[in-house]
Structures are given as C-alpha cells and as structure tokens.
Amino acid sequence: MTAPKKILLLPGDGIGPEVSRQVRRVMDWMAKRRSVSFEVKEGLVGGASIDAHGTPLTDETMADAMAADAVLFGAVGGPKWDEVARHLRPEAGLLRLRKDMDLFANLRPAFVYDSMADASSLKPDLVRGLDILIVRELTSGVYFGQPRGIETLPTGVRRAIDTQLYTEIEVNRVVRVAFDLATKRRNKVHSVEKANVMETGVFWREIATKIGKEYPSVELQHMYADNCAMQLVRNPKQFDVIVTDNLFGDILSDCAAMLTGSLGMLPSASLGAPDASGRRKALYEPVHGSAPDIAGQNVANPLAMLLSFTMMLRWSFDLHEDADLIEGAIKSVLASGMRTADIASPGTAKVSTTTMGEMLLRELDKAIGII
Ligand code: IPM
Ligand code: MG
C-alpha cells in the first residue's frame, strides 16, 4: 500500500454532494481492491459555506486546498444565493481557489462515447468519435483584470468597467500547455482570440505564433472566437486542441460540451505549474453546475464527477491503470444501456444516481475478475 493521497473534497451545493458520494464509493473500492488509499478531508464551498460561515470560502478551507495533493470540487450556486453581493456569491469561492492556487491551465475535454452519439443535438455523423480538448486560461483576463467596477461620474453618468489584461508570461505558459498536449494527441492547435478587434487578441496571436515555431510537428491555426463558435457546431471534428483566454474559453467550452449531448458527462482539470519535483497544484471538477432543480432527488448523473476523479488519478497521481479501469467500467455501463435521466433515450434504462454508482462498482469488480 503506497502513502495515502491527500484529497480535499469540496462537494458544494445542489447535486454536488450526491455525485461526490459516488466518487467516495469508488475510492473505497480502490482502497479495498487496488491498494490505493485516499485520505479525504471534506470542506464547505459556495452556498454551503455562505450558510455556515457567511463567506463562500473560508481561509481555513483555502489553506486545506493549498495543503492537499489535489482538490476535488462538486458544484456551487443556486437561487437561494442569487441576491448576495458579487464578492460573496458562491462562484467567488471557486474563483478564489483558482486564483490563489494559480491554476492557470484549465483542461476541458469534450468527447463522445460511441454509445452516446445519438444524444447530441447535432446529427450523429457530425459528432461520432469527437474528441476535442479545450485549454482555457483560468487565472487572468477579464475575470480578474483591474480596474473593474460600477461607478458614477461627477456628471451623474453611471458606467461599468471590466478590464481584459494579459501579461506575456500568462499567455506563454497556457499556450505551451496546449502545444505539449497536442503532441500527445493529433498534433493540431487552434489558437482562438479576437485579433481583429482586441489588443489582447493581437498579443495572444503573436505569442502563439512564436511558441508554435518551437513545435514544428504541431499544426497551428489561428481562429477568431466568433468563427470558432460557428465552426464548433458546423464541423466540430476539425478540432484537436483549442487554446483560448478565460472568457472565450468559458463560452466555447459550454458549446463544445453540449456537442456531446450532456454536460453531465464532462470532467475538467485545472492545473498549476509543476514545481521542482514535478508536482502541480490541481483542482478537478465536473463541467456541469449545481442543477438546483434536480438536487436531492437521486437522479443526477455522477459520471462527470467520476471522470473528473479519473483525470485526478492521471494528472496528480500517475495512476493511469486505475483511471483506465474506471473509464472502461463507465464505457461498459453506458454500452449496457444504463442511463441517468439527463442522457436517457428510448431503448435505454433510466437509473438513479446511486444505481449508476452500483453498476459501476459491479463493472469494476468484473474488470478485475472478482465476479
Ligand atoms: C465555469 C463556470 C464558472 C466560470 C462560474 C461558475 C464562475 O461557468 O467554470 O465555466 O465562469 O468560470
Ligand atoms: Mg462556464
């Protein structure tokens, strides 16, 4: 048995806690069957933390996140906290985690399982075999740029300001991550900005071009963000890796995610820079939100959270065999026709969150020859 991996689990709000419970079951399975153990500390974030402590993330929980080997995050937000001030909103907890842990590279894969090609709102032929990786810059740009605010000028005119700002280092490091990953995939990078209207776009393009020269095996294409949105729904399979800024990445990743038919299926990893020993700070979260409309009903899809966990196994712990096992089990469960409500279609069996977890454990036992 190797040393336990220190995980901070932040289930958050809405369906966060119920999908997190399915990951706990898989962790228990791994301890029992694979001799991989996790030391899990749970904390509050988002609305749950606002209710308990009056803030979406306490300093103690922030310190726990810094001390953990990896953070696993559920979802935050809900109508209950819609009216609170922006810096106290549930989302502010997530933004602080990203910023303070310096998680600049957000990996958002969008892929389609063969058995799920019919779930997309696009024609199955357009998405069958789809496998895109969006690399979104996550700690800068308009999300954090100063100045920002809403103010009233002496003339009485009110105005609002957000600032899109990028340093060379910030663009450099995230573009490099995209190129490195492309060399392990299909050697194609689309660098996405609005160089036709924005200074940060011109700057981004210039840096991407320079870095591209260091990767002669990778084909680099520049694309305007509006065109990218259009191309994603016109011909999504032209893309391999897309690298873009924080705001465009937010929008384009929702678009790419929906191509696959369900947000309930997609994981993400937010990574910092590796230190001298090669370890990086990291947070893993499903792309879906807190879905308050179905929270607590045991109908949510736990697969995005489980896939976020397998991304953790790969990126934080190099446990590729275990990640392969779990991903294989997910494929088998889907191929057997089991679906949570969000991805159910005629001819499939609609199952609950906990049943999905159970089926997965069964497939895992099968995969290692226990049953
Ligand atoms: C996302 C979300 C967040 C973002 C919100 C919850 C702050 O939409 O992770 O894509 O805008 O980054
Ligand atoms: Mg978003």
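The values are calculated or read from the model by the stated rules, or taken from the named source; none is laboratory data. None of the values given here were measured: they were computed from a predicted structure. Ideal geometry is used to build each Cβ from the backbone, glycine not excepted, and the neighbour counts take in all protein chains shown. Surface areas here come from the heavy atoms of the whole protein model, side chains and all, with no ligands, DNA or RNA. Shrake-Rupley method; radii C 1.70, N 1.55, O 1.52, S 1.80 Å.
Things worth noting here:
- Of the criteria (1) touching a residue at least 12 places away in the same chain (Cβ under 8 Å); (2) in the same structural domain as TRP204 (by TED's automatic domain parsing); (3) open to solvent by 50 Å² or more (accessible area, probe 1.4 Å), which one GLU137 fails: (3)
- Near pairs, Cβ below 6 angstrom, 6+ apart or cross-chain, from region 79-106 (closer than 12 Å to PHE144 by Cβ and part of a loop (DSSP other than H, G, I, E, B)) to any residue that is acidic (Asp, Glu) and at pLDDT 95 or above: none
- Residues that are among the hydroxyl-bearing types (Ser, Thr, Tyr) and not in a strand (DSSP E or B) within region 116-162 comprise SER120, SER121, THR139, SER140, TYR143, THR155, listed in sequence order.
- So GLU91, is it of a type in the set (Asp, Glu) and in the same structural domain as ALA178 (by TED's automatic domain parsing): no
- When PRO147 is tested against (1) touching a Lys or Arg at 6+ places or on another chain (Cβ under 9 Å); (2) farther than 17 Å from ASP254 by Cα, just one condition goes unmet, and that condition is (1).
- Residue check, PHE203 part of a helix (DSSP H, G or I), open to solvent by 50 Å² or more (accessible area, probe 1.4 Å) and away from ligand 2 (no atom under 16 Å from the Cβ): yes
- With respect to (1) modelled with pLDDT of 95 or more; (2) touching a strand residue (DSSP E or B) at 6+ places or on another chain (Cβ under 6 Å); (3) within 20 Å of VAL127 (Cα to Cα), the lone exception for SER290 is condition (3).
- Candidates are the residues of region 275-298 that are touching a residue at least 60 places away in the same chain (Cβ under 8 Å) and of a type in the set (A, V, I, L, M, F, W, C); the one that is farthest from ligand 1 (Cβ to nearest atom) is ILE294.
- Across region 250-265, the qualifying residues are those that are under 11 Å from the mean Cα position of the chain (by Cα), in contact (Cβ under 8 Å) with a residue 40 or more places away in the chain and surrounded by fewer than 23 Cβ atoms within 10 Å (Cβ to Cβ), and the one among them that is nearest to ligand 1 (Cβ to nearest atom) is ASP250.
- Inspection of region 319-334 identifies at least one residue that is free of Cβ contacts under 8 Å to residues at least 60 places away in the same chain and hydroxyl-bearing (Ser, Thr, Tyr).
- Members of region 224-244 found to be open to solvent by 10 Å² or more (accessible area, probe 1.4 Å) and either touching a residue at least 40 places away in the same chain (Cβ under 8 Å) or assigned to a loop (DSSP other than H, G, I, E, B) (or both), listed by number: VAL233, ASN235, LYS237
- Only one of the numbered conditions (1) in contact with an Asp or Glu (Cβ under 7 Å, 6 or more places away or on another chain); (2) on the phi < 0 side of the Ramachandran plot; (3) modelled with pLDDT of 95 or more is not met by GLY264, and that is (3).
- Of the numbered criteria (1) of a type outside the set (Gly, Ala, Ser); (2) free of Cβ contacts under 8 Å to residues at least 60 places away in the same chain; (3) surrounded by fewer than 20 Cβ atoms within 10 Å (Cβ to Cβ), the one ASP365 fails is (2).
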